[in-house]
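Contents: one structure, followed by commentary.
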Amino acid sequence: MSIKITMPALSPTMETGNLAKWLVKEGDSVRSGDVIAEIETDKATMEVEAADEGVVAKLVVPAGSDNVKVNSLIAVLAEEGEDAAQVAKNALAENGSAAVPAPQQQQAGTGSALPVPAGQNSAAAGEQNPVSAAKTAGIFASPLARRLAAQAGLNLTAITGSGPRGRIIQRDVEAAKRAGGAAAAAGAAAGSAPAPAADESAILAVFRPEDYKIVPHQPIRKVIARRLVESKQHIPHFYVTADCNLDALLKLRSDLNMAAPVIKKEEGSAPAYRLSVNDMIIKAVAVALKRVPDANVSWLDSGMIRHKHSDIGVAVAIPDGLITPIIRQAEEKSLSAISAEMKDLIKRAKQMKLKPEEYQGGTSSVSNMGMFGVKDFAAIINPPQATIFAIGAGEKRATVKDGAVVSADIMSVTLSADHRAVDGALAAELVQCFKNIIENPLALLI
Amino acid sequence: MVYDIIIIGSGPGGYVTAIRAAQLGFKTAIIEREHLGGICLNWGCIPTKALLRSAEIKHFCENAKDYGLTLSGKVAVDNSAVIARSRAVSARLNAGVGYLMKKNKIDVIWGEARLQGQKNGQTQIEVHKPLKPAYQPQHPVPKTVLGEGVYEARHVILATGARPRALPGIEPDGKFIWTYFEAMVPPKLPKSLIIMGSGAIGVEFASFYRDMGAEVTIIELMPQILPVEDSEISAFARKQLERRGIRIMTSAKVIKVEKGADSVTAHVESSGKVETITADRLIAAVGVQGNIENLGLEALGVKTGRGCIITDEWSRTNIAGIYAIGDVAGAPMLAHKAEEEGVICVEKLADLPDIHPLDKSKIPGCTYCRPQIASVGLTEKKAQEAGYDIRIGRYSFAANGKAVALGEDQGLVKVIFDNKTGRLLGAHMVGAEVTELIQGFVVAMNLETTEEELMHTVFPHPTLSEMMKESVLDAYGRVLNA
């Protein structure tokens, strides 16, 4: 019997994935546990392991295929003694060409996707364009709205529904089309670049075509865009800023790092830990939320979620965007544990190898731009969280101590809060508590 | 007492609006001068359905042998009993509206209303004795009603409906020239009948009186009967009606009517020739016109046009606080349009979220002649005129198992899709029970279906509804049973 390898579901909600890379080729022998492919979802890259051993008879889905449906056949292994060529042939015949995702080419200029030849499944112009079908699967939209959006090259996620309970209906798609004036014919005609949404042609019109090029968005960029728009549009943000004196914290950090035991490894000896200021800030945020539990909340229309732990997301810049892996129950973890966990999360984040449960949820976040010399800034809240701490650079500033101007290391922190869940006085209390912990950092060791 | 909302007219538009207003917490009253339920319940939709049911059962009895049944003797029509049943049906629903008003704590004010003026953001309405007596017989006035006087409301919704249109020189006289009022309660059945106009009302009476044994001639000004219907459906219906012995003249105009001792003679001009047709009675069914008179519209400066009150998409007139819904606010003059318009109007007043104006392109229409006709959306011609590249599917009753088993194998289902998007633009049906089928397509259209969802919907077997799916499949070259 041949062994079928299908597209795995990397998360319960995953419907499609991109087959980024094959790590084996046809004819290769694989053993159980061998990594054979890399699958990309919107936020993570995962490895697919072979569950059995055999010879790769056929790679059904080519590398670089986008929006491959979960559970669709991606490869076939021939078992020992089987003729790989025959297995490949059988598998393809069984599978039928329909299951192989259509190459993702825009059918610009071919006109309507209908009519469908008689006798064939007429299923949907929508499905003939795998991009739009997959992209819109979880969106509440009428069948006609889906099809109109697909035909117009509009992204349903960017359209606000006006139907019952926010359902996207025909008039919403048509309004979106009108908003863009004439459709972006230029982009569509070019064929290679994806057509910009119709409402973008007005933007492009103000630039000379020879002066720019359009780079298609990576999935993660679209997720970032969508989530931040949602956040800024729906969450009433307000901001509270305080300056924290870092002198005590920097001294403590230096003392702790000096005290780190040295561990001998193959590649040489290294201290057991090396705390960063950021590790201490993460812990400080976690402890502050523990001390001001009224601010450790998330807003729901039906009620307030009061979190029992401080799960702190930390914004990490990655090549195509950013991601916020989460340190769970950070208030209970030691600084060295936080530090070690953070190093691992950052490393895997940069490789796009975080699992969804490692970056989803969280009760607050830290965004630190201190390393870029930023004095202060305001961050956008990461829903469903109600707060985020924006950390500026620690720098020598003139400050007044005991009536005299002295130099001290000062760091500005700006808290963004969801006013639905956290009122001004509460936000001030949280920031004050954070400042207190930073300035009396022994609290981080308890 | 100042009401939040007073509705003038208790037809299907008015009384449904009143209930919705009361549900939304508005202190609501309704003013009626003749009959709760309006023309629809008392002199229109409902009593005619009762008459047509009598006609249908007579037809079944006369064809019992086709089903292996022997009826000894002749099926005789007891005219007064047929009418009595129709009136009883109407009376029951009329009383039902009274009950609904009471249950929803809606005050019923009995009399004719006239807008007096507006001050302090309120409109004053004078309620007085009707200027003209109501058509008789009427159902009894509800027991607890408020009487004449001046009433005040923050919002006034005009739902005064419409009445038969009279053509100059052919004015209904109640004796020889009838409107639907007289046609619904004939003292005796006419042996011959001329029907002017082949809209729903004209064709339904033609169907009824033909079944009751009268010689019927329909005279229609337009080139097809049922002018608003798809021409293919209209042609199909015409053939069926003619097969039943109804004479139909289209592109024909009644230029003169002469009354005899107990007959009328119509001079009918058609393709340049004038023909005289004599019959016992003539029914004028040339449309209806809005009831905009004696309402005090002029006093407030409420704008009217083409016999109707001019409103915006939220049923607002040009005067703040005054609204109009239903027939008096313009076409399509259908009870179900009036109801929805009224509901949207008061929901908008309540400032409910996500309220949208009525989409008039998705209002179904039904005609209860034999065979029945039902439709929603664009006709083939209208779709072409609108510039759509269309795709049409058809399915015949002759190929449907249930239709054949019922002995009702004459009919047609026709669907029209936009070729580009797969949007269902229109659905048109003629045949048995199609008035009950059409709603499937109406729901589909309102949910914004494409052909795909309809093709993947499981229709129960054996039913007439299977023809709906087959017609969709046919539009895409995939019909199964044909």
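The values are calculated or read from the model by the stated rules, or taken from the named source; none is laboratory data. Note that the structure is a prediction, hence the values are computed from the model and not measured. With ideal geometry, Cβ positions are generated from the backbone for all residues, glycine too; neighbour counts draw on all protein chains shown. Note: areas computed on protein heavy atoms with side chains; ligands, DNA, RNA excluded. Shrake-Rupley method; radii C 1.70, N 1.55, O 1.52, S 1.80 Å.
Tell me, which residue of region B:429-452 that is open to solvent by 20 Å² or more (accessible area, probe 1.4 Å) and either more than 14 Å from chain A (Cβ to nearest Cβ) or part of a helix (DSSP H, G or I) (or both) is farthest from A:ARG171 (Cα to Cα)?
B:GLU433
Within region A:288-321, the set of residues being in contact with a helix residue (DSSP H, G or I) (Cβ under 8 Å, 6 or more places away or on another chain) and open to solvent by 70 Å² or more (accessible area, probe 1.4 Å) comprises A:LYS290, A:ARG291, A:ASP294, A:ARG306, A:PRO319, A:ASP320.
Give me a count of the residues in region A:55-73 that are in contact (Cβ under 8 Å) with a residue 40 or more places away in the chain and at negative phi.
From region A:55-73, those in contact (Cβ under 8 Å) with a residue 40 or more places away in the chain are A:57, A:60-73; that's our starting set.
In the following step, the residues that additionally are at negative phi were identified as A:57, A:60-63, A:65-66, A:68-70, A:72-73.
Here the count works out to 12.
Looking only at region B:177-198, residues that are under 18 Å from B:VAL268 (Cα atoms) and crowded, with 22+ Cβ neighbours inside 10 Å come to 8 in all. Residue count for region B:293-313, restricted to those that are of a type outside the set (Gly, Ala, Ser), assigned to a loop (DSSP other than H, G, I, E, B) and open to solvent by less than 30 Å² (accessible area, probe 1.4 Å): 2. I'd like to check something: does region A:378-394 contain any residue that is in contact with a Pro (Cβ under 8 Å, 6 or more places away or on another chain), at negative phi and at pLDDT 90 or above? The answer is no; no qualifying residue exists. Which residues, taken from region A:167-208, are at pLDDT 80 or above, open to solvent by 80 Å² or more (accessible area, probe 1.4 Å) and not in a loop (DSSP other than H, G, I, E, B)? Hits for region A:167-208 are A:ARG171, A:ARG178, A:ILE203.
Has region B:421-430 got any residue that is over 28 Å from B:HIS336 (Cα atoms), in contact with a Lys or Arg (Cβ under 6 Å, 6 or more places away or on another chain) and modelled with pLDDT under 95? Please lay out each step first, then the result.
Applying the first criterion (over 28 Å from B:HIS336 (Cα atoms)) to region B:421-430 yields B:421.
This time we only want the ones that are in contact with a Lys or Arg (Cβ under 6 Å, 6 or more places away or on another chain), so: B:421.
When the remaining residues are screened for being modelled with pLDDT under 95, the result is B:421.
Yes, region B:421-430 contains at least one residue that is over 28 Å from B:HIS336 (Cα atoms), in contact with a Lys or Arg (Cβ under 6 Å, 6 or more places away or on another chain) and modelled with pLDDT under 95.
Tally the residues that are within 14 Å of another protein chain (Cβ to nearest Cβ) and surrounded by 21 or more Cβ atoms within 10 Å (Cβ to Cβ), restricting the search to region B:344-376. Going through region B:344-376 one residue at a time, the tally reaches 1.
Okay, residues lined up against (1) more than 14 Å from every other protein chain (Cβ to nearest Cβ); (2) within 28 Å of A:GLY153 (Cα to Cα):
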position: B:GLY393; (1), (2): no, no
position: B:LYS420; (1), (2): no, yes
position: B:LEU425; (1), (2): no, yes
position: B:LEU454; (1), (2): no, yes
position: B:PRO460; (1), (2): yes, no
position: B:MET467; (1), (2): yes, no
position: B:ARG478; (1), (2): no, no
position: B:ASN481; (1), (2): yes, no
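For the residues B:TYR99, B:TYR3, B:TYR15, B:TYR67, the requirement of being touching a Gly at 6+ places or on another chain (Cβ under 8 Å) and either crowded, with 20+ Cβ neighbours inside 10 Å or within 30 Å of B:GLN122 (Cβ to Cβ) (or both) singles out B:TYR15.
Residue-wise test of (1) in contact (Cβ under 8 Å) with a residue 12 or more places away in the chain; (2) closer than 27 Å to B:ILE31 by Cβ.
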{"residue": "B:PRO168", "(1), (2)": "no, no"}
{"residue": "B:GLY174", "(1), (2)": "no, yes"}
{"residue": "B:TRP178", "(1), (2)": "yes, no"}
{"residue": "B:PHE181", "(1), (2)": "yes, yes"}
{"residue": "B:VAL185", "(1), (2)": "yes, yes"}
{"residue": "B:LEU189", "(1), (2)": "yes, no"}
{"residue": "B:ILE194", "(1), (2)": "yes, no"}
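Within region A:326-348, can one find any residue that is modelled with pLDDT of 90 or more and either assigned to a strand (DSSP E or B) or not assigned by TED's automatic domain parsing to the domain that holds A:ALA421 (or both)? Yes, some residue in region A:326-348 is modelled with pLDDT of 90 or more and either assigned to a strand (DSSP E or B) or not assigned by TED's automatic domain parsing to the domain that holds A:ALA421 (or both).
Each row is one residue, and each column tells you yes or no for (1) touching a Ser or Thr at 6+ places or on another chain (Cβ under 8 Å); (2) of a type in the set (A, V, I, L, M, F, W, C); (3) open to solvent by less than 80 Å² (accessible area, probe 1.4 Å).
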site	(1), (2), (3)
A:ALA225	no, yes, yes
A:SER231	no, no, yes
A:ILE235	no, yes, yes
A:TYR239	yes, no, no
A:ALA242	yes, yes, yes
A:ASP255	no, no, yes
A:GLY268	no, no, yes
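For beta carbons closer than 6 Å, sequence separation of 6+ or different chains, a first residue in region A:369-391 that is open to solvent by less than 30 Å² (accessible area, probe 1.4 Å) and a second that is at pLDDT below 90, the qualifying pairs are A:ILE391/A:GLY370.
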